[in-house]
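The values are calculated or read from the model by the stated rules, or taken from the named source; none is laboratory data. Note that the coordinates shown come from a computational prediction; the quantities given were computed from them, not determined experimentally. As a convention, Cβ positions derive from the backbone with ideal geometry for all residues, glycine included, and neighbour counts pool all protein chains shown.
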Amino acid sequence: MLLSSIFHRCRWIAVVAIALVINLIAVAPANATGVYDLPISPSMDNWVLDNANQITRLNESNLNKDLKQLAAATEQEVRYVTIHRLDYGETAQSLAEQLFSRWFPTPEAGANQTIIVLDDVTNNIGIKVGEETSALLSTEIAESITQETMKAPLLKSNSYNRSFDDATVRLAAVLAGEPDPGPPVIEEVINVEGTFATAEETEENRASSTWIVVILLILATVIPMATYYWYQSIGG
């Protein structure tokens, strides 16, 4: 009976373990995102596809308005995509390239297009630009926008809203043919003041230390004597 009970328990443990493994295998791909999980074509009204839910509604509305105005003024279209988790083996850059090819299957269709993809799990960012856009947005500037302009707010305060806001400002200038504002200047503040004591503070500290030593010496002398006389009085 004991062996039978142990056998049944082991069998149920094995069944539960197998069920958990199957569940993990089935659920994991569903939580990941690949190019075929995204819309088959870009929206003409929504320039921001926030699958990761990292951009506030107000800021998403502002970004849509700014990108729409940019397209009207320069004929350069920029689209932002955020992803929460990528398919195994995918990167933000590879997804940006695949999505670009899917949305703009011909060189003519993608000539003035830019897609930026951000994965909020790793905060990695990919960018893909069209042929005509690359004449304005060089590889160096594109990399600087994704790796410096957008990364700075993420590293400082994990602010996705600020990240896309700053990218939009810089992209708007570059794609309009204006001088590149460049990446943000990250200042490292070193507080030198207060590291060293002034002469007056040193003298005050020295005087205080002297008085503390004197008081301790007096107490070290008085307390034993007082204790001795107290015991003597009790004994007497």
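Numbers for the structure displayed
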read-out	value
Sole exception among (1) at pLDDT 95 or above; (2) surrounded by fewer than 16 Cβ atoms within 10 Å (Cβ to Cβ) for Tyr88, by number	(1)
Hits in the stretch 136-146 (condition: of a type outside the set (Val, Ile, Thr), part of a helix (DSSP H, G or I) and touching a strand residue (DSSP E or B) at 6+ places or on another chain (Cβ under 7 Å))	Ala142
Whichever residue in the stretch 138-182 is modelled with pLDDT of 95 or more, under 15 Å from the mean Cα position of the chain (by Cα) and among the hydroxyl-bearing types (Ser, Thr, Tyr) and, among such residues, is nearest to Arg57 (Cα to Cα)	Tyr160
Any hit, the stretch 54-61, residues being modelled with pLDDT of 95 or more and exposed (fewer than 10 other Cβ atoms within 10 Å of the Cβ)	yes
Lone qualifier among Ile127, Ile116, Ile145 - being more than 15 Å from Val48 (Cα to Cα) and among the β-branched types (Val, Ile, Thr)	Ile145
Residue check for Ile22: under 27 Å from Val121 (Cβ atoms), at pLDDT below 85, assigned to a helix (DSSP H, G or I) and not hydroxyl-bearing (Ser, Thr, Tyr)	yes
Scan of the stretch 124-135 for residues that are part of a loop (DSSP other than H, G, I, E, B) and surrounded by 15 or more Cβ atoms within 10 Å (Cβ to Cβ), ordered by number	Gly130, Glu132
Qualifying residue in the stretch 89-110 (condition: within 25 Å of Gly182 (Cβ to Cβ), aliphatic (A, V, I, L, M) and touching a residue at least 40 places away in the same chain (Cβ under 8 Å))	no
Hits in the stretch 99-120 (condition: surrounded by fewer than 15 Cβ atoms within 10 Å (Cβ to Cβ) and closer than 17 Å to Val35 by Cα)	Ser101, Pro105
Test for Val185: is it more than 27 Å from Gly130 (Cβ to Cβ) and either surrounded by fewer than 10 Cβ atoms within 10 Å (Cβ to Cβ) or modelled with pLDDT of 80 or more (or both)	yes
Answer from Leu136, Leu99 - the residue that is in contact with a helix residue (DSSP H, G or I) (Cβ under 8 Å, 6 or more places away or on another chain) and more than 25 Å from Ile55 (Cα to Cα)	Leu136
